[in-house]
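> Here it is, the structure, as structure tokens.
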Amino acid sequence: MNHADAPRARESREEHPDDRPDRNEVERKQKERLASHMARIRHKLLVLSGKGGVGKSSVAAGLALELASRGRRTGLLDIDLHGPSIPRLLGLQGAPVTGGEDSIKPVVVNPNLVAMSIGFLLPQIDAPVIWRGPLKYNMIKQFLTDVEWGDLDFLIIDSPPSTGDEPLAIGQLVEDADGAIIVTTPQALATDDVRKSISFARKMNLPVIGLIENMSGLTCPECGAKIDVFGSHGGSAMGLDMGIPVLGSIPIDPAIVQSGDRGALAGYLKSDAPGAKAFAGVVERILAAVRSASTDPMGSSSTTDREEHDE
């Protein structure tokens, strides 16, 4: 990898005894900065899945857009360092990133939504990020400490599939996260691995807010019958078996694929399509779960969630 063309994470180096006081001071300031930034964000939600290809990034982007449409000040952090999808889903490929020496301004999506992804920092779309654990940890840490997120109601964190470096890093760095939202598709090939994400969250003492079953059936455009392309109710069965509430099911809809490719997911969510209604229902349940678990309910705004959505 040509490091001149790659995003730069702060690298660890061999510690010399004379460097230790300075390094300790840097780490102390980073911890303070991290705590300061996270204190300004009311709710942090991690979107996890142990299986790739389940539409997790589309779900994360959809949740962030839906929350923002309801007047919630929302941030969307993409920590999939090897396969970032958020820039395309938001229609922001090639968006410039600005900032100072120790600060980065997130990319503005709309008045209520900002985002950050390594995809904004790559010189071209086919540039690979060939990093091992320490560099990935430092990059994720920079996203939390250096990005000027400001005051947010929600930070949605899109984590890559696995129970490895990236979800582990975010779980350790964001100590007060509200919880995880697990994404799966119905077939056993997916749920076998997604179960591991649930166990991972529990080992990290991270509450599991609920499960979303994505790609849950296709409506035939000719006759209107439901076709269970990936089977049926596999996510619901897994949720019941593992004691996880199901937040909702999102159907297969070619319009979701097309809008995601065009960066027009926000427009899709404003439609009357079944998938858009499913996203709205999922967000209703997430808001209800956050309210019930929070000592500072979200219901203090001047309008209700439904009124904000209908507007």
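Read-outs: derived from the displayed coordinates by stated rules, not from any lab. Computed from a predicted structure; not experimentally measured. Cβ sites come from the backbone with ideal geometry, for glycine too, and all protein chains shown count toward neighbours.
> Shape call for the range 60-219 from the C-alpha gyration tensor, a ≥ b ≥ c root eigenvalues: rounded (a/c under 1.5), prolate (a/b greater than b/c) or oblate?
rounded
> Still on this structure, please answer the following. Using a Gaussian network model of the chain with C-alpha springs under 10 Å, which one of Val229, Val290, Val107 is most mobile by mean-square fluctuation?
Answer for the Gaussian network model of the chain: Val229.
> Using alpha carbons only, how many degrees (0 to 90, rounded to 10) separate the axis of helix 188-203 from the longest principal axis of the chain?
That helix lies at roughly 50 degrees to the long axis.
> Further question: Kindly flag which residue pairs out of Lys141/Lys277; Lys226/Lys270; Lys44/Lys226; Lys31/Lys51; Lys31/Lys270 have an alpha-carbon separation exceeding 29 Å in this structure.
Long pairs (Cα-Cα over 29 Å): Lys141/Lys277; Lys44/Lys226; Lys31/Lys51; Lys31/Lys270.
> Within 9 Å, Cβ to Cβ, of Ile157, how many net charges do the neighbouring residues add up to if Lys/Arg are +1 and Asp/Glu are -1?
Here the charged neighbours net out to -1.
> Decide, for the range 210-275, between rounded, prolate and oblate: order the square roots of the alpha carbon gyration tensor eigenvalues as a ≥ b ≥ c, take rounded if a/c falls under 1.5, and otherwise choose prolate if a/b is larger than b/c, else oblate.
Oblate is the answer for the range 210-275, as a/c is 1.5 or above yet b/c matches or exceeds a/b.
> Only loop residues by DSSP count here, and only those with at most 13 other Cβ atoms within 10 Å; note down the GluC sites (Glu not before Pro) in the range 150-255 that meet that.
Sites meeting the loop and neighbour criteria: Glu175, Glu222.
> Additional query: When N is the residue count of the range 150-263, what does its C-alpha Rg come to as a fraction of 2.2 N^0.38 Å?
It is 1.19.
> Rounded to the nearest 500, what is the chain's calculated 222 nm mean residue ellipticity when only DSSP H runs of at least 4 contribute -39500 (n - 2.57) each, over all residues?
Value at 222 nm, helices only, nearest 500: -12500 deg cm²/dmol.
> Follow-up. Averaging over every viewing direction, what projected area does the convex hull of the Cα atoms of the range 99-190 cover, in nm²?
Computing the convex hull of the Cα atoms and averaging its projections yields 8.3 nm².
> Treating only the Cβ of Lys, Arg, Asp and Glu as charged (+1, +1, -1, -1), what charge dipole size does the chain show about its Cα centre? Round to the nearest 20 debye. Working shown, then result.
Working: 33 positive and 42 negative charges, 62 e Å.
With only Lys, Arg, Asp and Glu charged at Cβ, the dipole is about 300 debye.
> Which far-off residues, 5 or more places away or on another chain, put their amide H under 5 Å from the one on Val246, with H placed in the peptide plane?
Correct list: Leu211.
> Compute the longest continuous run of the chain that contains no exposed trypsin sites (Lys or Arg not before Pro); treat a site as exposed when its DSSP state is not H, G, I, E or B and it has at most 14 other Cβ atoms within 10 Å.
Result for the longest clean stretch: 133-269.
> Right, here's the next one. Which Cα, out of Leu168, Leu121, Ser236, lies furthest along the positive dipole direction of the chain (beta carbon charges, K/R +1, D/E -1)?
Selected residue: Ser236.
> Right, next: Testing the spin-label approximation: label points 7 Å from Cα along Cα→Cβ at Leu189 and Lys203. State their distance in nm.
About 2.5 nm, to one decimal.
> On to the next question. Give the shape of the range 29-80 as rounded, prolate or oblate, defined through the alpha-carbon gyration tensor: a ≥ b ≥ c are the square roots of its eigenvalues, a/c under 1.5 means rounded, and otherwise the shape is prolate if a/b is larger than b/c and oblate if not.
Working: a/c = 3.33, a/b = 1.40, b/c = 2.37.
Judged from the Cα gyration tensor, the range 29-80 comes out oblate (a/c at least 1.5, b/c at or above a/b).
> Taking the Cα centre of the range 69-129 as origin, work out the dipole magnitude from +1 charges on Lys and Arg Cβ and -1 charges on Asp and Glu Cβ, in debye rounded to 20.
In total the dipole reaches around 420 debye.
> Exactly which chymotrypsin sites (Phe, Trp or Tyr not before Pro) in the range 225-290 are in a DSSP loop and have at most 13 other Cβ atoms within 10 Å? Please report the intermediate quantities before stating the final value.
Working: sites: Phe230, Tyr268, Phe279; in loops: Phe230.
Of the chymotrypsin sites (Phe, Trp or Tyr not before Pro), not one in the loops of the range 225-290 has a Cβ with at most 13 other Cβ atoms within 10 Å.
> Summing +1 for each Lys or Arg and -1 for each Asp or Glu, what net charge is found among the other residues whose Cβ lies under 11 Å from the Cβ of Leu218?
Taking every other residue near Leu218 into account, the sum is -1.
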